[in-house]
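Have a look at the structure below before the remarks.
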Amino acid sequence: MGFFIEKIPTPLSPNRDGPFIKEGTGFSRIFVPTYNAVIGFIFLALTASYFYNLHFKKAHGEKQPLLGASAKAPSKATLTYRRLRSVLLYQPKGRYSESYGTMSVIAGYLGLNILYLFVHNSTRHVTIFGDRLGLLAVVNMPLLFLLGAKTGLLVQWTGWSHEGYNILHRHCGRVVCSAAVLHVFFYSLACPIEVMVHVTTIFVALLATIGFFIILISSIAPLRAKTYEMFLYLHVYLVVAILPLLYFHFERVRPYVITSAVIFVWDRINRFKNAHNVIGRTTILSGNTVKLSLDVHSTAREIHWKAGQYVYVSVSELARQQAHPFTIASPPNPNSLDLIIRARKGFSKSLFLSEASEHKVTFHGPYGSPPSFEGADRVILLAGGAGISYAYPESIELASATGHYAASNPEVDFLWVVPSRDFASWVDLKEDYNVDFKVWVTAEQGRPDIKKYVKDSIIAAGPGARVCVGVCGPAPLVRDSRNACSEMLWEGNNVAFYSENFGW
């Protein structure tokens, strides 16, 4: 007879085959798949909105005059709209807090899953509840893989920042892994584990659940930060192992497993197609930082990028099968694509400590849909430390007489906060770039009042002016500048905000 058997030898519960259980699980298997239609509709709406704003919405042309009609107080409808944006933009203090807008999206996503979990009295029996949890884990998997794709599909469709969809990816992953683990737990209340391990289709699911549990534990923020390299390896290899195990678990899950596998393979193929093998040269900078300069002429294909885009970088001699995202720190289309990398742990530390100054580098990209500041009267760019990677090329692009913003030529207010004066050598702060590069050295001047600085700069732009704020740096810098914009929006000012946070 062998180890495995085809059917469970004992009933899962006295009422395992009761009509209300059959009805409950039957309803779940019809109702839960509608979840994907809801998610699909949301993404379709977001894509349509982004496409409209990108191609059809009337752009602000010339600068608005500071006197006359544009200097009037905003209409009641406009003020209400800006105050709504103000509330959504605000970010409370807290290490893991996000803006109210981001938290609203996360709450909406979690709320939708809770609705699908409990609707139609799913708690009548552990079997019904366990079945519902398993279905929820599976229907979220294609979304999880789509959010985790590194080739920027969602960025192209929705215009989201890498930070934005990565936050959703983490929460979606927690839902999938938690639901999968709880699915097994509640089924174990109806059928002992020692019985389940002898059933082929259930045994493979138990193995998959172990993988989900390891991913869930390793993704806890403090642990992920300490063992990020290990987390990356576990993340990829366990996902590859989980998919075939789930395929053989239950016939109804196969369409979702196949869809997830297609997204995964599609992402890998696109990485291969977008990959460039180049020579990279390192320059050691102050503050445990290294600049990696990629020779864009050492590849057969031309490489073009826009300010604010990012690439994924691999150096196989230092870290095999790892691709790390870095914002491009050089203006578009020079002879070299530069990356500024702070040495922390793993790959970045190995690159910093390497005795070799030249490496064979593979990178894929560029990716990202950075915001357009076209039509802005003033653009405030703020950077903290390595956040200069975003602010520096953006400032050069904005001030260029022949670039994308040549017609509108907005004023550029640039502030770079660094620990010591020698950090200013990281980039070329030439006066002939027509940018007033202000460098704030905390060792000499103390910490700047970012909120006051941003507010003063917005006020200085004049009444009725359209002001855009772009910031990249540590969390406190991003939060203070975000909240300053939130407060100015509440007062009726025309302010747009964009940020890139450090972290994973």
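Summing +1 for each Lys or Arg and -1 for each Asp or Glu, what net charge is found among the other residues whose Cβ lies under 14 Å from the Cβ of residue 226? Intermediate values should be presented prior to the final figure.
Details: positive: 224, 344, 345, 349; negative: 229.
Summing Lys/Arg as +1 and Asp/Glu as -1 gives +3.
How high is the relative contact order of the chain? Use alpha-carbon pairs under 8 Å, at least six apart in sequence, and give a whole percent.
Working: 805 pairs, mean separation 81.7, N = 504.
Relative contact order here is 16 percent.
Taking every pair of alpha-carbon atoms in segment 281-392, give the share separated by more than 23 Å as a whole percent.
Numbers: 1791 of 6216 pairs.
Above the 23 Å cut-off, segment 281-392 has 29 percent of its Cα pairs.
Which helices count as membrane-span-like in the chain under these terms: full DSSP H, at least 30 Å along the axis by C-alpha, Kyte-Doolittle mean of -1.0 or more?
Values: long enough: 34-55 (31 Å, 0.99); 162-190 (42 Å, 0.51).
For the chain, where a helix must reach 30 Å along its axis and average at least -1.0, the hits are 34-55, 162-190.
Hey, how much of the P(r) for segment 197-355 falls beyond 30 Å, as a percent of Cα pairs?
Working: 4123 of 12561 pairs.
That tail contains 33 percent of the Cα-Cα pairs.
Could you order 39, 114 by accessible surface area, starting with the largest, using a probe radius of 1.4 Å? Mind showing how you got there, number by number?
On the way: 39 25, 114 95 Å².
The ordering from most to least exposed comes out as 114, 39.
What number, in percent, do you get for the relative contact order of segment 200-352 if the mean sequence gap of Cα pairs under 8 Å and at least 6 apart is divided by its residue count? Don't skip to the end; give the middle numbers.
Working: 180 pairs, mean separation 26.6, N = 153.
In percent, rounded to a whole number, it is 17.
Taking the dipole about the Cα centre of the chain, with the C-beta of Lys and Arg at +1 and of Asp and Glu at -1, give me whichever of 242, 387, 74 is farthest to the positive side.
242
Among DSSP bridges having both ends in the chain, what percentage is antiparallel? Round to the nearest 5.
Working: 29 of 56 bridges.
For the chain, the DSSP antiparallel bridge percentage is about 50.
Roughly how much of residue 239 is accessible, in Å² to the nearest 10, using a 1.4 Å probe?
Its heavy atoms expose roughly 30 Å² to the probe.
Per residue, how many Å² of accessible area does segment 180-304 show with a 1.4 Å probe? Please list the in-between numbers first.
Details: 6590 Å² over 125 residues.
Result: 53 Å² of accessible area for each residue.
If one computes P(r) from the Cα atoms of the chain, what percent of pairs lie at distances over 43 Å? If you can, show how the numbers build up before the last one.
On the way: 32760 of 126756 pairs.
That tail contains 26 percent of the Cα-Cα pairs.
Not counting ligands, DNA or RNA, and with a 1.4 Å probe, what is residue 160's accessible surface area in Å² rounded to the nearest 10?
60 Å²
Percent of accessible area on the chain owned by carbon and sulfur, 1.4 Å probe? Walk me through the numbers on the way to the answer.
Details: 15270 of 24840 Å².
On the chain, the fraction of accessible area on carbon and sulfur atoms equals 61 percent.
How much accessible area does residue 112 have with a 1.4 Å probe, in Å² rounded to the nearest 10?
30 Å²
With +1 assigned to the C-beta of every Lys and Arg and -1 to the C-beta of every Asp and Glu, and no other charges, what is the dipole magnitude of the chain about the Cα centre in debye, to the nearest 20?
About 1040 debye.
Output the Kirkwood hydrodynamic radius of segment 115-234, Cα pairs only, in Å rounded to one decimal. Intermediate results must be reported in sequence, preceding the final value.
Details: mean 1/r = 0.0631 Å⁻¹.
By the Kirkwood definition, the hydrodynamic radius is 15.8 Å.
Have a look at 180, 52, 169 and report the one farthest towards the positive end of the charge dipole of the chain, computed about the Cα centre with Cβ charges (Lys/Arg +1, Asp/Glu -1).
180
Using a cut-off of 15 Å between beta-carbons, work out the net charge of the residues near residue 294 (Lys and Arg +1, Asp and Glu -1, residue 294 not included).
Values: positive: 281, 291, 301, 360; negative: 295, 302, 338, 358.
Summing Lys/Arg as +1 and Asp/Glu as -1 gives 0.
The values are calculated or read from the model by the stated rules, or taken from the named source; none is laboratory data. All values reported here derive from a predicted model rather than from experimental measurement. We place every Cβ from the backbone using ideal geometry, glycine too, and count neighbours over all the protein chains shown. Just so you know, the surface numbers come from the protein's heavy atoms only, side chains and all, with ligands and any DNA or RNA stripped out. Shrake-Rupley method; radii C 1.70, N 1.55, O 1.52, S 1.80 Å.
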